[in-house]
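**Q** So that we are looking at the same thing, I have put the structure below in structure tokens.
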Amino acid sequence: MMELLENHKLKEYLHLIRDSPVYPLILDSQDRILSVPPIINSDHSKISIETKNVFIEVTALSRPKAMICLNTIVWSFAEYCENAFEVEPVEIIYGEERYVTPQI
């Protein structure tokens, strides 16, 4: 992936994970890759006019800042849900640590 994106406009973000021994991946329940943050998202996860479910992902170097951003975006979207402000939690697995977001 690094070699493929070296000449792409996304190359400015490669340094964020280039030397990491592991890369972040967001997978769906069928293990399809939805995103390799902060580098790229997949066609599978694009939003269209027919989209009914939205997964909101925030990438940051600071967890508190990411949580503030996530909560703000979630509540901005949640107003327009079929059942207003109905939000489904997501379990985050970060190494050995597990936690649920959003924490609102």
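**Q** Relative to the Cα centre, what is the charge dipole magnitude of the chain, using +1 at the beta carbon of each Lys and Arg, -1 at the beta carbon of each Asp and Glu, and rounding to the nearest 20 debye?
**A** Using Cβ point charges on Lys, Arg, Asp and Glu, the chain gives about 320 debye.
**Q** Same structure again: Short version: what are the Cα gyration tensor semi-axes of the chain, square root of 5 times each eigenvalue, largest first, in whole Å?
**A** With the √(5λ) rule applied to the chain, the semi-axes are 26, 17, 13 Å.
**Q** Tell me, what % of the accessible area of the chain is carbon and sulfur with a 1.4 angstrom probe?
**A** C and S atoms contribute 54 percent here.
**Q** Separate question: What residue among Tyr94, Tyr23, Tyr80 has the largest mean-square fluctuation in a Gaussian network model of the chain, using Cα springs under 10 Å?
**A** Tyr94
**Q** How large is the accessible surface per residue of the chain, computed with a 1.4 Å probe and reported in Å² as a whole number?
**A** 82 Å²
**Q** Same structure, new question: In whole percent, what relative contact order does the stretch 47-104 give with Cα contacts below 8 Å and a gap of six or more residues?
**A** It comes to 24 percent, rounded to a whole number.
**Q** Once the dipole of the chain is set up with Lys and Arg at +1 and Asp and Glu at -1 on Cβ about the Cα centre, which of Thr72, Leu5, Gly95 lies farthest towards its positive end?
**A** Highest projection toward the positive end goes to Leu5.
**Q** If you don't mind, another one. Between Phe77 and His15, what FRET efficiency comes out of the Förster formula 1/(1 + (r/R0)^6) with R0 = 35 Å and r the beta carbon distance, rounded to 0.05?
**A** Efficiency at R0 = 35 Å is approximately 0.70.
The values are calculated or read from the model by the stated rules, or taken from the named source; none is laboratory data. Predicted model only: the values in this text are computed from it and were never measured. Cβ sites come from the backbone with ideal geometry, for glycine too, and all protein chains shown count toward neighbours. Accessible surface areas use protein heavy atoms only, side chains included; no ligands, DNA or RNA. Shrake-Rupley method; radii C 1.70, N 1.55, O 1.52, S 1.80 Å.
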